[in-house]
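Okay, structure first, notes after.
The values are calculated or read from the model by the stated rules, or taken from the named source; none is laboratory data. This structure is a prediction, so every number in the text was calculated from the model and none was measured. Here the Cβ positions follow ideal geometry from the backbone for every residue, glycine too, while neighbour counts run over all protein chains shown.
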Amino acid sequence: MMSAQPEQPEVQPLALSRFFLKLGISVFGGPLAHIAVMDEETVNKRKWLTRAEFSNLLAASNLIPGPSSTELAIHIGYRRAGAWGAVIAGFSFILPAFLIMLGLGWLYTQVGNIHLLLGFFYGIKPAVVAVIALTVYRLAQSTLKDGLTRACAVAALLLSLWQPAASVYWMLLLGLVGLLVEAGRAGERPTALLAILFVPLAQAGGQHPVLLGSLFLALLKVGATLFGSGLVVVPLLQAELVNNNGWLTQQTLLDGVALAQATPGPVLTIATFVGYQIAGLAGAVVATVAIFLPAFIVVLLTAPLIERLKHNRWLKAFLGPVSAAVVGTLTASTLLLAQPVLLDPFAQPFFVDWLALVITLTAFALALRFKLNSAWIIIGAGLLGLLIKAA
């Protein structure tokens with residue numbers, strides 16, 4: 001088991017800050033791209049970690065709730081420079097994307113109705129639907145490995161279509177089902193402590209006026225119940241900001257997803273954009289702090305226990321169905337987000353926007369067949385949308 005603090009920190013905090021600032025401002029492509037660069041830089045080039053250490057930290061980041069690439073950055077900072085190193089690494093990784101999304105959030109409010117910008121988003125939105133659909137496809141391939149996980153995914157899909165606002169509760173419920181199944185297999189009584197810890201956070205928020213405190217609780221809930229990374233956050237944000245509280249329209253959320261995908265750094269800085277739309281600069285800061293705060297807390301609490309968490313069968317029994325439920329809720333969210341993009345009551349025939357559908361299918365095929373970076377696909381689709389509207 002790893003000690004609570006590294007005995008002799010080998011990396012200065014300033015070096016950590018420079019590295020993660022550079023990573024946060026220069027690497028497009030979401031969590032997988034971030035992780036790949038961290039692997040190359042920290043293991044092969046800088047020798048901050050061994051291959052085994054990096055693999056253990058990556059596994060730990062995937063076992064706990066929160067954005068995996070951000071948590072990996074926090075873990076690396078902790079491993080090389082203690083608790084302050086963890087804070088510095090995570091803050092430096094998030095800061096560039098926060099500033100970029102803050103600027104885009106302001107620009108969006110200023111020019112959101114200009115024809116040119118609408119043309120750009122006309123192309124972007126179907127591409128985002130394609131990117132989310134591809135995420136669902138890949139998650140399903142890696143997650144749905146047995147009858148239990150497949151059943152949990154289908155259950156989460158149906159439940160989320162029935163009650164989209166309760167997506168988080170469906171994931172937690174199916175995680176508890178996983179614990180009960182494991183208990184039945186082992187003939188034991190599960191402690192279920194880990195699952196219980198998430199319930200108070202999942203119940204925070206609810207129907208409140210648009211106040212900073214309510215916004216903080218809503219985004220804290222999202223950050224504390226997010227399993228996986230990147231676009232997995234979409235159904236959670238949709239439930240909290242669109243369905244539960246009505247602070248955003250579904251269309252504005254989709255615009256935020258598009259901007260987050262087309263910019264470098266953690267995708268979860270979509271919270272900066274939506275926070276700005278809801279409550280201005282203060283809302284952007286509060287939303288960003290809230291959604292990332294659980295990642296810092298969980299990593300700092302679990303870093304000394306990585307090996308024990310890695311092999312804890314109750315944790316695995318809980319997370320397996322939760323991960324499957326994520327596939328189901330993300331599928332439901334994709335269908336709901338696609339409706340205003342692909343369906344047009346004035347289009348003929350069949351009320352389908354055929355241009356948007358072609359962009360969606362083309363973007364999906366390009367990403368799947370040629371593994372193109374999603375940022376380039378989204379930017380290209382936006383430019384195509386400009387040409388279509390100009391014509």
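In region 230-251 there is at least one residue matching the filter, namely being assigned to a loop (DSSP other than H, G, I, E, B) and either touching a Pro at 6+ places or on another chain (Cβ under 6 Å) or of a type in the set (Val, Ile, Thr) (or both).
Identify, from the list Leu248, Leu268, Leu236, the residue that is among the hydrophobic types (A, V, I, L, M, F, W, C), out of contact with any Cys (no Cβ under 7 Å at 6 or more places or on another chain) and more than 16 Å from Thr135 (Cα to Cα). First the steps, then the outcome.
Values: Leu268 fails: more than 16 Å from Thr135 (Cα to Cα); Leu236 fails: more than 16 Å from Thr135 (Cα to Cα).
None of the other options fit; the residue is Leu248.
Candidates Leu215, Leu281, Leu219: the one that is buried (at least 23 other Cβ atoms within 10 Å of the Cβ) and over 17 Å from the mean Cα position of the chain (by Cα) is Leu215. When you look at Phe318, is it modelled with pLDDT under 80 and on the phi > 0 side of the Ramachandran plot, yes or no? Criteria not met by Phe318. On the stretch given as region 131-145, residues that are modelled with pLDDT of 80 or more, of a type in the set (Ser, Thr, Tyr) and more than 24 Å from Ala258 (Cα to Cα) total 0. Scanning region 321-333 for residues that are modelled with pLDDT of 80 or more and out of contact with any Cys (no Cβ under 9 Å at 6 or more places or on another chain) yields a count of 2. If you go through region 256-276 and pick out every residue that is surrounded by fewer than 24 Cβ atoms within 10 Å (Cβ to Cβ) and either out of contact with any Gly (no Cβ under 9 Å at 6 or more places or on another chain) or more than 21 Å from Ile88 (Cβ to Cβ) (or both), you end up with 3.
Here is the figure for region 156-171: residues that are surrounded by fewer than 21 Cβ atoms within 10 Å (Cβ to Cβ) and within 23 Å of Arg313 (Cα to Cα) total 1. Regarding region 24-39, can at least one residue be identified that is in contact with an Asp or Glu (Cβ under 9 Å, 6 or more places away or on another chain), part of a helix (DSSP H, G or I), more than 22 Å from Ile291 (Cβ to Cβ) and modelled with pLDDT of 75 or more? Checking region 24-39: not a single residue is in contact with an Asp or Glu (Cβ under 9 Å, 6 or more places away or on another chain), part of a helix (DSSP H, G or I), more than 22 Å from Ile291 (Cβ to Cβ) and modelled with pLDDT of 75 or more.
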